[in-house]
Amino acid sequence: MKTYVAGHRGMVGGAILRRLEARQAAGEKLALITRTHAELDLTDQAQVRAFMQAERPDVVILAAAKVGGILANNTYPAEFIYENLMIEANVIHEAYAAGVTRLLQLGSSCIYPKAVPQPMREDALLTGTLEPTNEPYAIAKIAGIKLCESYNRQYGTDYRSVMPTNLYGPGDNFHPENSHVLPALIRRFHEAREAGQKSVTIWGTGTPRREFLHVDDMAEASLFVLDLDRDTYEANTEPMLSHINVGCGADISILELAQMVARVTSHPEPNLPSLI
């Protein structure tokens, strides 16, 4: 079976590829296809069409996306909505055009409204206003879900979507400005320890709560959902509410997270301003 992993150099795509390579090494008949961004620009429809027509994969795993933390989303909203919309539209449509009937698309928990009840349920989608700082990215990921559902409804494809909670692990982005909260905290505390600083200031009040999942667990869950037989998947979803949330079921406050990172890095506990 030919399986194309889009975004194999990213944190999630890389974890999924490692799982598939392990299956391959265990004797499962898999032909794995990958392309770097230099080899294939997923925002270019002509390139994606030529690739899909040439390779004709049996399965597509769409883990490619432009991602970043709050600052990056707020600074580059046009890039986040444009690039993610183009990637999803090109990969999903050209997969269909090449005869691909099975596809798994990875989204984000930011698709849900800002004031969504906890724990977040799939049926909270499109029930309220999105978080303004990452609304463009969220709109793009919602579009990805609806693309999959629309192709399923019109063409009978089996395109599925999974929505991970906040992820961490190998391959994470530790950029000082564009990373997510956990790698940002790890870098900040590590650098503070190396510099001999006695305190670390973090954004916000520390009271918001977030759920975190290791990327290898997300990869395993993604392949589990992909491997479900169609009757089972459709029995647990709806044609216009077909995405599945993936998380660990427990959350932690940002203050507790910062204190945990402080302990691991052997640094004094952080100073928290009332609001930044």
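Cβ-Cβ contacts under 6 Å between residues 6 or more apart (or on different chains), taken from a first residue in region 122-149 that is under 18 Å from Gly69 (Cβ atoms) and at pLDDT 95 or above to a second residue that is surrounded by fewer than 22 Cβ atoms within 10 Å (Cβ to Cβ) and of a type outside the set (A, V, I, L, M, F, W, C), are listed as Pro136/Pro77; Lys141/Ser108. Annotation: of all residues in region 225-276 being of a type in the set (Gly, Ala, Ser), surrounded by 13 or more Cβ atoms within 10 Å (Cβ to Cβ) and assigned to a loop (DSSP other than H, G, I, E, B), the one that is modelled with the lowest pLDDT is Gly247. Residues in region 220-253 that are out of contact with any strand residue (DSSP E or B) (no Cβ under 6 Å at 6 or more places or on another chain) and among the β-branched types (Val, Ile, Thr): Thr232, Thr237, Ile252.
Annotation: Pro113 fulfils all but one of (1) assigned to a loop (DSSP other than H, G, I, E, B); (2) more than 23 Å from Ala78 (Cβ to Cβ); the unmet one is (2).
Does any residue of region 16-23 turn out to be under 17 Å from Pro164 (Cβ atoms), assigned to a loop (DSSP other than H, G, I, E, B) and either modelled with pLDDT under 95 or among the basic types (Lys, Arg) (or both)? Before the answer, list the steps.
Kept after step one, since they are under 17 Å from Pro164 (Cβ atoms), are these residues of region 16-23: 16-19.
When the remaining residues are screened for being assigned to a loop (DSSP other than H, G, I, E, B), the result is none.
No, every residue in region 16-23 fails to be under 17 Å from Pro164 (Cβ atoms), assigned to a loop (DSSP other than H, G, I, E, B) and either modelled with pLDDT under 95 or among the basic types (Lys, Arg) (or both).
Please specify each residue of region 172-191 satisfying the condition of being of a type outside the set (A, V, I, L, M, F, W, C) and either touching a Pro at 6+ places or on another chain (Cβ under 9 Å) or part of a strand (DSSP E or B) (or both).
Asp172, Asn173, His175, Arg187, Arg188, Glu191, listed by residue number.
Restricted to region 172-224, and to residues there that are surrounded by 18 or more Cβ atoms within 10 Å (Cβ to Cβ) and of a type in the set (Phe, Trp, Tyr), the residue that is farthest from Thr265 (Cα to Cα) is Phe212.
Scanning region 154-171 for residues that are in contact (Cβ under 8 Å) with a residue 60 or more places away in the chain and either in a strand (DSSP E or B) or surrounded by 17 or more Cβ atoms within 10 Å (Cβ to Cβ) (or both) yields Thr157, Asp158, Tyr159, Arg160, Ser161, Val162, Met163, Pro164, Thr165, Leu167, Gly169. Residues of region 1-27 that are buried (at least 17 other Cβ atoms within 10 Å of the Cβ), under 18 Å from Leu103 (Cα atoms) and hydrophobic (A, V, I, L, M, F, W, C): Val5, Ala6, Val12, Ala15, Ile16, Leu17, Leu20.
The values are calculated or read from the model by the stated rules, or taken from the named source; none is laboratory data. All values reported here derive from a predicted model rather than from experimental measurement. Every residue, glycine as well, gets a Cβ built from its backbone with ideal geometry; the counts of neighbours run over all protein chains shown.
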